[in-house]
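Working notes, structure below.
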Amino acid sequence: MKRVRINAGKVGLVFKKGDYQRVITKGNHWLGFNEKAIQYDLTKPFAAPIALEILLQDKELETMLHIIEVKDNELVLLYENGNFKNTLAAGRYTYWKGLMDYEFVTADLSKVYITEKIEKSLFNHYALIKHIRAFEVAAYEKAVLIVDDVYAKILESGTYRFWRNDTSIKIAKADLRQLQLEITGQELLTKDKAAVRINFYTQYKVVDIEKALLDNKDYEKQLYIAMQLALRAFVGNYTLDELLERKESIADSVLESVKNQATKLGVRVLNCGIRDIILPGDMKEIMNQVLVAQKKAQANIITRREETASTRSLLNTAKLMEENEMLYKLKEMEYVEKIADKIGEISVSGDGGMVKQLKDIFSVNR
């Protein structure tokens, strides 16, 4: 016989020649011949020294243990005294009752959605994150959820988490903001075979996410092609001169042309227009020559118009002077004043009009 003491926070299992006999708790105990006691800490998980099924035949010991059976495709979240401690994968786990306050939350990993009551802060815990798939949908986005290649639902902005298992989960996102599509450097031929390069822009928004992401592949590329073809068709119907004159109406024509196609893509075209029309170098030189010739012709017309007006004014003045002698005299004085500004001294004598004498003076000087 020998005596053993079990302290507070401990428990003992008594074995005789390797066979389990009984459980002993806090206090002094006597052991019989060939008996020995193995002590366990009540704050630690219980690791059975022999098959647990044998130990659980003792109903007293069974009532002292939490026995957790975790099946395949299950995960158990272990909480100690209200705090998350760890996760338990498939298997059997035993914990002592009484000293520690344990809580076990079982999660079904075979499901897609996380329906268990789990605090959001735990989703980024290293013990749990490996079992979770997370997807982010920004505030300006919407997404479609596809489960096992089957459309499930539309996801609004937010963070979505799913259990990591054999189920295939995909999301496709679309930007709901006003977007701009640039069609740059398009080399096109006009009706008169002139080669031009056009820079074109389009502003649009996604309005039907299911059409954009499920019914169409690469809706942005399809919209680009639709705008490109509409622009090509418009330019091909006009000569270069007509195109330059009607460039302001290109946007309206292209917008009207792609409206139905854009609706099928799940988008609405809000605005579009031409940024630049770029001519080849030789075409630029020709256009400049035409412009210079036009401006010269306009200048000649203006010059002729002014000369005609001046001649008509002189004729009217001459008629008035012929009819009014006083006006003729005033005109003589006006000419004398102008000549006096240019010449230092003029001598006039003898008979004859002043204008006639001045005429004789200038004739001699020449």
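The values are calculated or read from the model by the stated rules, or taken from the named source; none is laboratory data. Quick caveat, the model's predicted, so the values are computed rather than measured. Cβ sites come from the backbone with ideal geometry, for glycine too, and all protein chains shown count toward neighbours.
Name the single residue that is nearest to Tyr79 (Cα to Cα) among those in the range 107-134 being among the hydroxyl-bearing types (Ser, Thr, Tyr) and in a loop (DSSP other than H, G, I, E, B).
So, considering only residues that are among the hydroxyl-bearing types (Ser, Thr, Tyr) and in a loop (DSSP other than H, G, I, E, B), the one nearest to Tyr79 (Cα to Cα) is Thr115.
For the range 127-162, which residues satisfy the criterion of being surrounded by 15 or more Cβ atoms within 10 Å (Cβ to Cβ), more than 24 Å from Asn216 (Cβ to Cβ) and aliphatic (A, V, I, L, M)?
Ala127, Leu128, Ile132
Identify, please: which residue in the range 193-208 is in contact with a helix residue (DSSP H, G or I) (Cβ under 6 Å, 6 or more places away or on another chain) and over 26 Å from Tyr151 (Cα atoms) and is, among those, surrounded by the most Cβ atoms within 10 Å (Cβ to Cβ)?
Thr202
Any residue in the range 85-103 that's touching a residue at least 40 places away in the same chain (Cβ under 8 Å) and under 18 Å from Thr63 (Cβ atoms): show its pairings with residues that are hydrophobic (A, V, I, L, M, F, W, C) and part of a strand (DSSP E or B) at Cβ separation under 6 Å, as long as the two are six or more apart or on different chains.
Tyr93/Ile68; Thr94/Leu65; Thr94/Ile67
Please work out which one of (1) more than 25 Å from the chain's Cα centre (by Cα); (2) in a helix (DSSP H, G or I); (3) modelled with pLDDT of 80 or more is the condition Arg197 fails and give its number.
(2)
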